[in-house]
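The structure under discussion appears below in the form of structure tokens.
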Amino acid sequence: MKILCIDTSSKLCGVAILDDTTLIKKIELDNGLTHSESLMPLIDQILKECNLNLNDINLLVSDIGPGSFTGIRIGIATVKAFADSLNIPCVGISSLESLAYNIDSDGIICSLIDAKNNNVYFGVFEKKNNIVTQLEELSFKTIKEIIPILKKYDKINFVGDGSIIHKEYLLSNLNTCTFSDKNDLSSFSLGLAGLNAYNQNTNFDLMPLYLRKSQAERALENK
């Protein structure tokens, strides 16, 4: 199965093509949040370099967030357009679940994405036999609020930029912790998560996962 993965939820604009669980090629461009200009040329480039076209793709995977509100919408709209026009199945994967696939070993995984001002996007998963299962509701919380939730787990593998920013606080409040050195969102990890979701017949509805209101909405409420 050929899988085209699109990740536009962070400052990286990433695309990857997998053949089942094998990475054929990935391109991840760090040029700021200019995904509206970068995404289509990247897709065209990766297809040409892999000697493929969209008709060869069997599954489309999009990151649905949390992350950049604009970036998420760009990625989802692109995948939906391809899916509708070419009748290709598609799945949506959260940034937090995608990060969990950066961890190679089995065990409890906590994905943390920095949301500024001591806030994080937060998810807890268990990885077993290369399958990641969600254990806690994906949420937006302060770093202090996640500690009572995490204390129920004996050993936690942390991943994501939020875990690095808050590493000292986590170590001082929890017992056994390990910290990944693969903390960026990866279009390859997104593809692995998407394949497993497809095989389990889940996540076929592509809807943005924001977890909190946009800056514009918060500013309007403050007025």
Scalar couplings 3J(HN,Hα) for the stretch 78-94 by Karplus 6.51 cos²θ - 1.76 cosθ + 1.60 (θ = phi - 60°), nearest whole Hz, x for Gly and Pro, are 5, 5, 4, 4, 4, 4, 5, 6, 10, 6, 9, x, 9, 9, x, 10, 6
Fraction of accessible area attributable to carbon and sulfur, the stretch 1-53 (%, probe 1.4 Å):
49
Taking the Cα centre of the chain as the origin, how large is its charge dipole in debye, to the nearest 20, when only Lys and Arg (+1) and Asp and Glu (-1) carry charge on their Cβ atoms?
540
Taking 8 Å as the Cα distance limit and 6 or more residues as the minimum spacing, I'd like the relative contact order of the chain as a percentage.
23
Quick one: what are the phi-derived ³J(HN,Hα) couplings along the stretch 191-201, Karplus 6.51/-1.76/1.60 with θ = phi - 60°, whole Hz, x for glycine and proline?
x, 4, 5, x, 5, 5, 5, 5, 5, 9, 6
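Send over the per residue convex hull volume for the chain, Cα only, as a whole number of Å³.
Values: hull volume 27.7 nm³, N = 223.
Residue-normalised Cα hull volume stands at 124 Å³.
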Contour minus Cα-Cα distance for Thr178 and Asp20 (0.36 nm per residue):
54.0 nm
As a test of the formula, what do you get for the chain when each DSSP H run with n ≥ 4 contributes -39,500 (n - 2.57) and the sum is divided by the residue count, at 222 nm and rounded to the nearest 500 deg cm²/dmol?
-10500 deg cm²/dmol
Starting from the Cα of Leu86, move 7 Å in the Cα-to-Cβ direction to define the label point; list residues of the stretch 49-76 whose amide nitrogen is under 11 Å from there.
52-61
Expressed to two decimals, the stretch 85-166 has a Cα Rg over Rh, using the Kirkwood radius, of 1.03
Calculate the dipole size of the stretch 1-91 relative to its Cα centre from +1 charges on Lys and Arg beta carbons and -1 charges on Asp and Glu beta carbons; express the result in debye to the nearest 20.
120
Note down the nm distance, to one decimal, between modelled labels 7 Å out along Cα→Cβ at Asn53 and at Arg212.
4.5
Sorted from largest down, give the three principal axis spans of the alpha carbons of the stretch 103-223, whole angstrom values.
50, 39, 24
Whole number in Å², please: accessible area per residue of the chain, 1.4 Å probe, ligands, DNA and RNA not counted.
49
Can you list the trypsin sites (Lys or Arg not before Pro) in the stretch 52-135 that are in a DSSP coil and have 15 or fewer other beta carbons within 10 angstrom?
Lys116
Which pairs, out of Lys127/Lys155; Lys2/Lys182; Lys80/Lys127; Lys2/Lys26; Lys116/Lys144; Lys11/Lys127, put more than 21 Å between their alpha-carbon atoms?
Lys2/Lys182; Lys80/Lys127; Lys11/Lys127
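Determine the dipole magnitude for the stretch 152-192: charges of +1 sit on the beta-carbon of Lys and Arg, -1 on that of Asp and Glu, nothing else is charged, the reference point is the Cα centre, and the result goes in debye to the nearest 20.
140
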Length released on extending from Glu37 to Lys155, taking residue separation times 0.36 nm less the Cα-Cα span
38.3 nm
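The values are calculated or read from the model by the stated rules, or taken from the named source; none is laboratory data. Here the structure is a predicted model, which means the values were calculated and not measured. Neighbour counts are summed over all protein chains in view; Cβ atoms, including those assigned to glycine, are modelled from backbone coordinates with ideal geometry. The accessibility values were calculated without ligands, DNA or RNA, using every heavy atom of the protein model including side chains. Shrake-Rupley method; radii C 1.70, N 1.55, O 1.52, S 1.80 Å.
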